[in-house]
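Any read-out appearing in this document is the output of simple, stated calculations on the displayed coordinates, not a laboratory observation. This one's a predicted model, so the numbers in the text were calculated from it and none came from an experiment. Heads up, the Cβs are rebuilt from the backbone with ideal geometry, glycines too, and the neighbour counts pull from every protein chain shown.
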Amino acid sequence: MVSIIKRELYRKIFKIIKDYDEIVLARHIGPDPDAIASQIALRDSIKLTFPQKKVYAIGAGVSKFKYLGSLDKPDLTELKDALLIVLDVPNFFRVDGIEDLEYQAILKIDHHPQEDIIGDVDWTDEGMSSTCEMIANLIMNTKLVMDQKIAENLYIGMVFDSDRFLLQNTSTETFKTVYNLLTTSKIDFVPLYDNLYERSIVEEKFRAYLINHIEISENHFGFIFVPADVLKKYNVEATIVSNQVNDFYFIKELLCWMFVVYDERNEIYKANIRSRGPVINEVASKYNGGGHKFASGCRSKDYKDMEKLAKDLDETCKEYITEENN
């Protein structure tokens with residue numbers, strides 16, 4: 001049963017989508033399956049519901065996630081009265097590809113803690129497992145249209161961001177959404193796991209490299225820096241590192257861990273951070289990063305920032321252990 005408050009929110013979201021003929025959907029840089037899947041799913045749903053509208057999903061693509069669908073490359077300077085839909089990102093400096101867009105209003109749908117993006121219509125809910133969970137509920141409770149591919153993408157995004165419903169962001173509402181999505185769409189979800197979890201032997205050897213080179217402090221903080229030459233040696237992209245970070249979740253010696261990789265193409269260091277207890281997004285925010293309490297990240301041109309962040313996270317683990325012991 002949808003609450004009156006939620007029903008009114010769905011109504012406002014549907015209305016602002018209906019009111020604009022030009023719509024651009026954007027998400028964060030360095031996207032994961034939840035970001036891209038929610039973006040493509042909502043774009044395709046809007047296009048099916050309103051065929052006359054110009055609707056674009058923008059941002060840099062990731063070859064590993066091509067199975068989710070294609071992104072658009074419109075001339076944003078030609079759009080003068082656009083609605084910007086911001087998905088899965090709370091701050092402007094991490095939104096990918098909107099520099100040339102003159103938008104008239106913002107619709108924001110996100111499950112991260114509130115930061116500087118506040119939409120004219122704003123749905124920010126930290127209690128949701130994923131942005132795909134939010135989009136699934138939106139479509140199923142409005143006149144927006146869903147087809148099989150949209151349902152498949154939404155399911156994939158939910159599975160990814162909850163790590164197969166193992167993480168703390170999974171709730172009873174998440175399972176209700178999954179049940180409603182599966183019964184409504186009747187998708188065959190088992191084959192969908194292949195795209196998420198199938199790996200080459202090269203990727204598995206790279207995972208072995210990560211296991212063998214992670215350094216774990218006495219405070220149970222794990223750290224590894226992956227140089228560009230190691231990525232070349234194993235012939236893997238920088239995005240593979242972020243995909244591997246959740247694999248360390250059940251190592252009992254780890255409370256918190258951070259993987260840092262140097263992206264030569266963009267000349268930037270990328271950090272992916274996970275935690276099984278200490279709150280990490282507040283620490284990451286000191287370095288122009290952020291995210292969830294137990295899953296965050298940041299980027300910097302200076303490796304010294306990564307070293308400082310690692311020290312802060314190690315200290316956070318130490319404080320967490322002291323509090324738990326007391």
Assign unit charges at the C-beta atoms only (+1 for Lys and Arg, -1 for Asp and Glu), then state the dipole size of segment 4-195 relative to its Cα centre in Debye, rounded to the nearest 20.
-> 720
Would you be so kind as to identify which of Ile13, Ile321, Gln104 lies farthest towards the positive end of the dipole of the chain, taking Lys and Arg as +1 and Asp and Glu as -1 on Cβ and the Cα centre as origin?
-> Ile13
Within the set Phe250, Phe225, Phe259, GNM on the chain using Cα springs under 10 Å gives the largest fluctuation to Phe250
Answer with one residue from Ala37, Leu196, Thr177: the one whose Cα lies farthest towards the positive end of the charge dipole of the chain, charges on Cβ with Lys, Arg +1 and Asp, Glu -1.
-> Thr177
Can you give the calculated 222 nm mean residue ellipticity of the chain, where each DSSP H run of n ≥ 4 adds -39,500 (n - 2.57) and the sum is split over every residue, rounded to the nearest 500 deg cm²/dmol?
-> -12500 deg cm²/dmol
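Mind checking the dipole of the chain: about its Cα centre, +1 per Lys or Arg Cβ, -1 per Asp or Glu Cβ, Debye to the nearest 20?
For the chain, the charge dipole is close to 780 debye.
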Surface/4 estimate of mean projected area, convex hull on alpha-carbon atoms of the chain, nm² = 17.0
In segment 156-207, the trypsin sites (Lys or Arg not before Pro) that sit in a DSSP loop and have at most 15 other Cβ atoms within 10 Å of their own Cβ are Arg164, Lys186, Arg199
About the Cα centre of segment 65-131, how large is the charge dipole given +1 on each Lys and Arg Cβ and -1 on each Asp and Glu Cβ? Please answer in debye to the nearest 20.
-> 260
For segment 200-325, give the share of DSSP beta bridges that are antiparallel, in percent and rounded to the nearest 5; count only bridges with both residues there.
-> 75
log₁₀ of I(q)/I(0) at q = 0.10 Å⁻¹ - segment 4-195, Debye sum with one point per alpha carbon | -0.35
Can you give the angle from 0 to 90° between the axis of helix 303-325 and the longest principal axis of the chain, with both taken from C-alpha atoms, to the nearest 10?
-> 80
For the charge dipole of segment 200-325, defined by +1 on Lys and Arg C-beta atoms and -1 on Asp and Glu C-beta atoms about the Cα centroid, which residue among Ile216, Asn281, Tyr262 has the Cα displaced farthest towards the positive pole?
-> Tyr262
Kindly provide the GluC sites (Glu not before Pro) of segment 176-232 that DSSP labels as loop, not H, G, I, E or B, and whose Cβ sees at most 16 other Cβ atoms within 10 Å.
-> Glu198, Glu218
What GluC sites (Glu not before Pro) does segment 95-156 have in DSSP loop regions with at most 14 other beta carbons within 10 Å?
-> Glu99, Glu102, Glu126
What is the sum of charges around Ile5, taking Lys and Arg as +1, Asp and Glu as -1, for the other residues whose C-beta is under 13 Å from the C-beta of Ile5?
-> +2
Taking the DSSP beta bridges in segment 4-195 as the whole, what percent of them are antiparallel, to the nearest 5?
-> 5
To the nearest 10 degrees, how steep is helix 4-19 against the longest Cα principal axis of the chain, on a 0 to 90 scale?
-> 70
Given a cut-off of 31 Å, name the pairs among Lys108/Lys270; Lys176/Lys301; Lys66/Lys205; Lys149/Lys233 whose C-alpha atoms lie farther apart than that in the structure shown.
-> Lys176/Lys301; Lys149/Lys233
Between Val2 and His213, how many nm apart are label points set 7 Å from Cα along the C-beta direction?
-> 4.9
Choose one answer from Thr174, Thr183, Thr239: the residue with the largest mean-square fluctuation in a GNM of the chain with alpha-carbon springs under 10 Å.
-> Thr183
